[in-house]
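Below: the structure, in structure tokens.
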Amino acid sequence: MDMKKIRVLCVFGTRPEAIKMAPVIRELRAHADEIETRVVVTAQHREMLDQVLDTFNLRPDYDLAVMRPGQDLFDVTDAVLHGLKEVLGRERPDLVLVQGDTTTTFTAALAAFYSRIPVGHVEAGLRTYNRYAPFPEETNRVLTTHLSDLHFAPTERARDALLKEGIAAERIFVTGNPVIDALFQAAEQPFQLEPELARAFQENGRVILLTTHRRENLGKPLQDVYLALREVLLAHPDVGVVFPVHKNPAVRREVAGVLTGVQRVYLTEPLDYLPFINVMKRAYLVLTDSGGIQEEAPALGKPVLVLRQVTERPEAVAFGTARLVGTDRYRVTEEVSRLLDDEGAYLKMAGAVNPYGDGRAAQRIVQAILSYFGRAAAPAEFRPAAEAKYFSR
Ligand code: UD1
Ligand code: UDP
């Protein structure tokens, strides 16, 4: 019997969504006999999205081109919702797949719901339980859960959070996070490190990798973090800082005042994914308020100090490779200095652990989709390796 193909429409719009969706799209396309895959980018990000599309050789079927300089949440929501209305009406997919917690994620789930199309949510169930931190991501993610029909939880903790909110157990699949699939795929590919970056590693014994962009950190929190780094650099002449600066003009304003022209601070444009991962591999430690980097750094055995008060990714904190340090100037100075000065403290945090995945999340997600449509058995769950589970030094 000739079965009709399942039509899956993947929607994403920012850099991290694209990185995490890329392995899933690759796996969907490997099942072309059963699944027809369509890709829609909202382009909530432009340059930072296109970098990832190039890296993973992704060619979208639709590009909503919603990015405007200095856009606010109303602008993005409005443009994505109306843009998708048309695409969903034309394509009538069997499933819309979204990833994460951005405004694209939430709005695409809403658009699919309004069109009565089932939604699959990749990276479901992460929670801080503080609706303003991260803002608006925590609430975007909760809302996306309640608009979704299939939930791909990266960890058991995420699954438990979904169960507590009344999501049916048979609709939740613990798959691991495809961020680790992407990381493993990246490790095999060639790339070029710009001369400026190569220089950062030649000129300094140790390099700190820094990224910042959270909305709730704009203003004084970021100023404090940058001032803390200046102090750290003064006291540590063998240390440099590589800082690929997010495109958000609000972030760039903060950086310009405090870090421009400071010796041993290497400010760059957002890096392509492969060189970025390589810089992380070579860095001594990572300082960030990013979500995705909190997942990648532990897998690479890099201590990561998280510039937030709360995190929806507590697994790596529990395993000892990540620490929540907030943005207080003295606290950040102290925590970074401690890792630089105390080798014991450093080594305690530097064990590689993979609580977030084993490189097979995309396989499980696609098998779960097939099982939802009655074409396969449910996939076996992702379980972190024993050493990751019991890592606590
Ligand atoms: C967005 C997501 C955030 C995610 C982050 C990843 C929301 C509300 N925020 O935050 O969850 O962690 O992406 O990086 O969904 N810009 C460019 N070029 C680009 C990208 C951004 O110029 O390629 C500038 C534009 O001026 C834009 C601004 O950055 O207006 C902010 O972009 P936006 O997507 O609204 O928020 P992010 O801070 O990037
Ligand atoms: N990343 C990148 N180039 C950079 C900085 C980050 O490719 O210059 C990648 C990083 O490896 C991770 C993702 O972008 O996979 C994280 O994106 P971001 O921090 O913007 O968003 P978040 O994860 O906080 O939503």
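A few notes on this one:
- Residue match in the range 166-178 (condition: among the aliphatic types (A, V, I, L, M) and assigned to a helix (DSSP H, G or I)): yes
- The set of residues from the range 94-106 being within 16 Å of ligand 2 (Cβ to nearest atom) and either β-branched (Val, Ile, Thr) or farther than 23 Å from residue 370 by Cα (or both) comprises 98, 101, 102, 103, 104, 105, 106.
- All of (1) open to solvent by less than 10 Å² (accessible area, probe 1.4 Å); (2) over 21 Å from residue 331 (Cα atoms); (3) under 17 Å from the mean Cα position of the chain (by Cα) hold for residue 300 with one exception: (1).
- Filter result for residue 328 (within 23 Å of residue 137 (Cα to Cα) and within 16 Å of ligand 1 (Cβ to nearest atom)): no
- Lone unmet requirement of (1) of a type outside the set (Phe, Trp, Tyr); (2) farther than 26 Å from residue 257 by Cβ; (3) buried (at least 21 other Cβ atoms within 10 Å of the Cβ) for residue 214: (2)
- Restricting attention to the range 160-191, the residues being farther than 19 Å from residue 109 by Cβ and either modelled with pLDDT of 95 or more or of a type in the set (D, E, K, R) (or both) number 13.
- Those residues of the range 94-114 which are within 14 Å of ligand 1 (Cβ to nearest atom) and not aliphatic (A, V, I, L, M), in sequence order: 99, 100, 101, 102, 103, 104, 105, 106, 107
- Within the range 255-286, being more than 17 Å from the chain's Cα centre (by Cα), of a type outside the set (A, V, I, L, M, F, W, C) and either open to solvent by less than 30 Å² (accessible area, probe 1.4 Å) or closer than 21 Å to residue 44 by Cα (or both) holds for 266, 268, 269.
- Candidates 36, 91, 27, 86 - the one that is away from ligand 2 (no atom under 15 Å from the Cβ), closer than 24 Å to residue 292 by Cα and either open to solvent by 30 Å² or more (accessible area, probe 1.4 Å) or not hydrophobic (A, V, I, L, M, F, W, C) (or both): 27
- Any hit, the range 37-49, residues being of a type in the set (D, E, K, R) and touching a strand residue (DSSP E or B) at 6+ places or on another chain (Cβ under 9 Å): yes
- Entirely in the range 1-93, the helices (runs of 4 or more DSSP H) that have 2 or more residues that are away from ligand 1 (no atom under 15 Å from the Cβ) and closer than 25 Å to residue 366 by Cβ: 15-29, 73-91
- Selection count where residues are free of Cβ contacts under 8 Å to residues at least 60 places away in the same chain and either within 13 Å of residue 308 (Cβ to Cβ) or open to solvent by 10 Å² or more (accessible area, probe 1.4 Å) (or both), scope the range 221-243: 5
- Scan of the range 242-261 for residues that are more than 16 Å from ligand 1 (Cβ to nearest atom) and in contact with a helix residue (DSSP H, G or I) (Cβ under 6 Å, 6 or more places away or on another chain), ordered by number: 242, 258, 259
- Residue that is least open to solvent (accessible area, probe 1.4 Å) [pool: residues in the range 64-75 that are free of Cβ contacts under 8 Å to residues at least 60 places away in the same chain and in contact with a helix residue (DSSP H, G or I) (Cβ under 9 Å, 6 or more places away or on another chain)]: 66
- Test: residue 251 is among the aliphatic types (A, V, I, L, M), modelled with pLDDT of 95 or more and closer than 23 Å to residue 350 by Cα: no
- Yes/no for residue 172 being touching a His at 6+ places or on another chain (Cβ under 6 Å), under 23 Å from residue 384 (Cα atoms) and either away from ligand 1 (no atom under 16 Å from the Cβ) or open to solvent by less than 30 Å² (accessible area, probe 1.4 Å) (or both): yes
- Applying the set (1) surrounded by fewer than 18 Cβ atoms within 10 Å (Cβ to Cβ); (2) part of a loop (DSSP other than H, G, I, E, B) to residue 252 leaves exactly one unmet item: (2).
- Here is the figure for the range 277-299: residues that are more than 15 Å from residue 340 (Cα to Cα) and either of a type in the set (Gly, Ala, Ser) or free of Cβ contacts under 8 Å to residues at least 60 places away in the same chain (or both) total 8.
- Remark: pairs (first residue in the range 132-145, open to solvent by 30 Å² or more (accessible area, probe 1.4 Å); second residue within 12 Å of ligand 1 (Cβ to nearest atom) and modelled with pLDDT of 95 or more; Cβ separation under 6 Å; 6+ apart in sequence or on different chains) = 135/215; 135/216; 143/106.
The values are calculated or read from the model by the stated rules, or taken from the named source; none is laboratory data. Nothing here was measured: the structure is a model prediction, and the numbers come from that model. For neighbour counting, all protein chains shown are included, and Cβ atoms are generated from backbone atoms with ideal geometry for every residue, glycine included. SASA here: full protein model, heavy atoms, side chains in, ligands and nucleic acids out. Shrake-Rupley method; radii C 1.70, N 1.55, O 1.52, S 1.80 Å.
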